Ligand code: MOS
């Protein structure tokens with residue numbers, strides 16, 4: 001079955017989206033609905049001593065204003081447990097106390113009859129503050145060579161260290177020791193976060209733009225002390241999330257409380273500025289990498305010490321060292337990560353958390369080592385290829401990194417590179433070539449799904465996961481179609497509803513590997529339920545051993561006998577047959593290490609006369625196991641590469657010395673636009689990884705964003721001779 005599940009297929013929801021028919025959260029309007037608009041703190045650290053509300057309360061259409069003194073005091077913290085599926089982004093409840101922990105922290109929610117009225121009134125709510133002086137962290141001092149006695153949580157790398165990294169470094173023939181930093185980034189998904197809450201008796205329905213309807217249902221159930229069955233979270237279409245919508249944010253709680261109090265639906269669309277201040281970021285990180293090697297390039301020591309900022313309102317370890325222990329065959333590896341608190345909004349996972357920042361440092365350091373050794377950077381990596389996972393000492397489930405390096409180099413034309421800085425020119429431009437390795441862990445979780453044979457021949461597939469724009473609807477339909485013989489147009493996929501059988505977050509690149517086995521299990525169960533009915537006395541297959549009956553091409557077959565499912569349902573006199581089933585990983589993690597790998601090559605052009613840097617082209621070869629849909633999979637890699645280009649050259653959430661986030665909009669927070677995006681050549685290798693699941697798919701959402709920033713900085717060095725270890729590589733850093 002899975003052999004043919006590797007076909008290009010446009011998104012089945014594409015036409016609906018392009019024609020405006022897709023119901024994104026902010027598009028949903030309920031009868032009698034009111035509008036919430038949040039007010040954010042003007043300071044980053046201090047006390048909220050009071051609110052001036054009178055003027056706002058008297059403005060047109062204003063119904064109520066919620067804040068610390070009149071909020072719901074019965075709310076409870078979610079346990080914030082990933083295993084129990086109730087993780088929240090910001091553990092602090094909205095308006096919980098009057099301490100200000102970051103600029104933009106919600107201090108009030110205005111509710112009015114229209115969006116415009118709510119917004120106008122919100123602009124007239126004034127906070128009275130007592131500001132503290134100290135707002136920023138000692139992250140610079142937290143940097144790993146100077147940590148003694150400083151605050152911060154130290155993680156010694158979760159036991160991932162091995163050998164004697166320090167001793168091996170001291171004895172190495174060639175050594176390198178450099179510091180790297182990456183600015184705070186904001187997810188800046190096109191679609192704003194939004195939440196609409198409505199109560200019916202003691203039942204709460206929340207329409208939310210979320211990467212996890214099931215997680216939000218469980219989190220709400222703890223916050224409101226209600227059984228999960230009384231809460232439903234709906235998210236049919238999502239204009240991307242990149243991790244910023246994985247877990248519930250305070251606006252959803254504020255909105256649900258307001259709706260309960262006012263006994264009307266309330267919709268809050270989080271303003272763009274608040275998305276920046278109060279809905280997540282990839283935290284600023286500092287990294288130090290020390291490499292020791294023999295003169296022939298063999299790595300003898302890797303020491304990678306990372307640190308990242310977190311907020312005072314919650315702990316987020318960005319694990320920038322996570323990929324390092326598995327990347328190269330090296331006997332002595334030590335990794336640590338430290339976390340320091342700052343008066344910024346809560347950080348959270350952002351696409352390829354850990355790997356994207358971590359591989360910027362490691363893969364830039366590898367390039368620096370190659371120059372020191374006068375080796376080709378591809379050859380240096382090949383010299384240190386890990387035949388098995390050196391971190392776990394397990395064999396790889398499947399690893400074609402060497403082919404990634406070779407293929408991408410060939411497609412790119414790496415053999416044309418001159419190993420000399422600034423030597424490749426065309427007209428006024430200096431050409432730089434750079435490359436890096438890419439990697440992302442492959443995961444699979446438990447999942448349930450439901451399949452229903454309908455009387456009209458359609459097949460309905462339901463799962464409580466969601467499609468954040470990546471193509472989940474499409475690959476579920478492809479899979480169900482492939483397994484059942486029902487044409488893809490006749491597959492009805494239901495996602496984005498927490499009342500459906502429990503499905504995974506759309507995150508971690510694990511949705512595909514997690515959901516498809518559950519779809520198969522549910523289809524098998526529904527088929528069996530149908531077979532059980534048609535083998536009863538008087539039915540079409542009553543004379544047949546039920547184990548010999550198969551589902552083929554929309555019909556049950558036994559030998560020459562083939563009866564369409566629609567006919568069977570009609571004969572049975574029932575409208576449908578339905579079944580729910582679950583699938584979960586086995587113990588394969590004890591036997592294999594699961595990672596995806598890739599290689600990315602970049603050409604940059606530097607025009608020193610006009611100080612213009614541009615990325616000219618990108619080539620990436622990726623090994624993700626089997627791509628269920630190479631069209632949407634390639635699309636994911638391309639998106640990751642574009643986002644990595646932004647990380648390398650533009651993205652920077654900026655705070656002033658008082659902690660004020662001053663580029664909280666899409667004009668001043670720079671992301672790549674079409675003019676910045678070069679031709680991108682993505683090659684997907686096709687080596688199904690059947691150790692992970694029967695479909696051979698390892699997932700694809702994040703790997704494209706790994707390595708690319710290093711490849712760009714390495715190309716910039718080749719062109720300019722300037723080694724930029726701090727992202728973004730803004731023009732000032734090249735002058
Ligand atoms: Mo991804 S950071 O798991 O949305």
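The values are calculated or read from the model by the stated rules, or taken from the named source; none is laboratory data. Note that this is a predicted model, so its numbers are computed, not measured. As a convention, Cβ positions derive from the backbone with ideal geometry for all residues, glycine included, and neighbour counts pool all protein chains shown.
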Exercise. Mind checking which pairs have a first residue in the range 351-363 that is under 12 Å from residue 701 (Cα atoms) and a second that is away from the ligand (no atom under 15 Å from the Cβ) and part of a helix (DSSP H, G or I), Cβ under 8 Å, 6 or more apart or different chains?
Worked result: none
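Using the structure shown, decide if residue 357 is part of a loop (DSSP other than H, G, I, E, B), within 16 Å of the ligand (Cβ to nearest atom) and assigned by TED's automatic domain parsing to the domain that holds residue 407. Full working, then the answer.
Details: part of a loop (DSSP other than H, G, I, E, B): no; within 16 Å of the ligand (Cβ to nearest atom): yes; assigned by TED's automatic domain parsing to the domain that holds residue 407: yes.
Spelling it out, it is not the case that residue 357 is part of a loop (DSSP other than H, G, I, E, B), within 16 Å of the ligand (Cβ to nearest atom) and assigned by TED's automatic domain parsing to the domain that holds residue 407.
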For this session: Looking only at the range 174-197, count how many residues are surrounded by 22 or more Cβ atoms within 10 Å (Cβ to Cβ) and in contact with a strand residue (DSSP E or B) (Cβ under 6 Å, 6 or more places away or on another chain).
Result: 7
Problem set entry | Matching strands (runs of 3 or more DSSP E) fully within the range 119-216 where at least 3 residues are more than 25 Å from residue 235 (Cα to Cα) and at pLDDT 95 or above | 126-131, 174-182
Exercise. Looking at (1) within 16 Å of the ligand (Cβ to nearest atom); (2) surrounded by fewer than 24 Cβ atoms within 10 Å (Cβ to Cβ); (3) under 30 Å from residue 384 (Cβ atoms), which is the only condition residue 423 fails?
Worked result: (1)
Seminar exercise, completed: Within the range 691-735, the residues that are assigned to a loop (DSSP other than H, G, I, E, B) and without any contact (Cβ under 8 Å) to a residue 60 or more places away in the chain are 722, 724
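Would you mind finding the one in 568, 556 that is assigned by TED's automatic domain parsing to the domain that holds residue 480, surrounded by 16 or more Cβ atoms within 10 Å (Cβ to Cβ), at pLDDT 95 or above and in a strand (DSSP E or B)? Walk me through how you get there before you give the answer.
Values: 568 fails: in a strand (DSSP E or B).
None of the others qualify; the one that does is 556.
Take the residues in the range 333-354 that are part of a loop (DSSP other than H, G, I, E, B) and more than 16 Å from the ligand (Cβ to nearest atom); name whichever of them is surrounded by the fewest Cβ atoms within 10 Å (Cβ to Cβ). Lay out the reasoning, then the answer.
Just the residues of the range 333-354 that are part of a loop (DSSP other than H, G, I, E, B), to begin with: 343-354.
Add one more test, that the residue is more than 16 Å from the ligand (Cβ to nearest atom), and what stays is 343-345.
Values: 343: 25, 344: 28, 345: 32.
Checking each candidate, the answer is 343.
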Exercise. Which ones in the range 464-473 are more than 15 Å from the ligand (Cβ to nearest atom) and in contact with a helix residue (DSSP H, G or I) (Cβ under 6 Å, 6 or more places away or on another chain)?
Worked result: 464
Problem set entry | Unmet criterion (only one of (1) surrounded by fewer than 24 Cβ atoms within 10 Å (Cβ to Cβ); (2) in the same structural domain as residue 335 (by TED's automatic domain parsing)) for residue 225 | (2)
Seminar exercise, completed: Considering residues that are surrounded by fewer than 24 Cβ atoms within 10 Å (Cβ to Cβ), assigned to a loop (DSSP other than H, G, I, E, B) and touching a helix residue (DSSP H, G or I) at 6+ places or on another chain (Cβ under 8 Å), the number found within the range 97-118 is 2
For this session: Return yes when residue 611 is at positive phi and surrounded by fewer than 21 Cβ atoms within 10 Å (Cβ to Cβ) and no when it is not.
Result: yes
For this session: For the range 661-681, indicate whether the set of residues that are under 21 Å from the mean Cα position of the chain (by Cα), within 16 Å of the ligand (Cβ to nearest atom), crowded, with 17+ Cβ neighbours inside 10 Å and at pLDDT 95 or above is non-empty.
Result: no
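Let's see how each residue does on (1) assigned to a strand (DSSP E or B); (2) in the same structural domain as residue 530 (by TED's automatic domain parsing); (3) out of contact with any strand residue (DSSP E or B) (no Cβ under 7 Å at 6 or more places or on another chain):
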residue: 580; (1), (2), (3): yes, yes, no
residue: 604; (1), (2), (3): yes, no, no
residue: 615; (1), (2), (3): yes, no, no
residue: 648; (1), (2), (3): no, no, no
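Look through 248, 254 and report the one residue that is at pLDDT 95 or above and either closer than 24 Å to residue 473 by Cα or under 19 Å from the mean Cα position of the chain (by Cα) (or both).
On the way: 254 fails: either closer than 24 Å to residue 473 by Cα or under 19 Å from the mean Cα position of the chain (by Cα) (or both).
Answer to the check: 248.
Does residue 201 fit the bill of being assigned by TED's automatic domain parsing to the domain that holds residue 26 and either without any contact (Cβ under 8 Å) to a residue 40 or more places away in the chain or over 30 Å from residue 666 (Cα atoms) (or both)?
Working: assigned by TED's automatic domain parsing to the domain that holds residue 26: yes; either without any contact (Cβ under 8 Å) to a residue 40 or more places away in the chain or over 30 Å from residue 666 (Cα atoms) (or both): yes.
Taking the combined requirement at face value, the residue satisfies it.
For residues that are touching a helix residue (DSSP H, G or I) at 6+ places or on another chain (Cβ under 8 Å) and either part of a loop (DSSP other than H, G, I, E, B) or away from the ligand (no atom under 16 Å from the Cβ) (or both), tally how many sit in the range 511-522.
Of the residues in the range 511-522, the ones touching a helix residue (DSSP H, G or I) at 6+ places or on another chain (Cβ under 8 Å) are 511-512, 515-516, 519-520.
Remaining after also requiring either part of a loop (DSSP other than H, G, I, E, B) or away from the ligand (no atom under 16 Å from the Cβ) (or both): 516, 519-520.
Final tally of qualifying residues: 3.
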Exercise. When the range 543-553 is examined, which residues are found to be without any contact (Cβ under 8 Å) to a residue 12 or more places away in the chain and surrounded by 11 or more Cβ atoms within 10 Å (Cβ to Cβ)?
Worked result: 548, 550
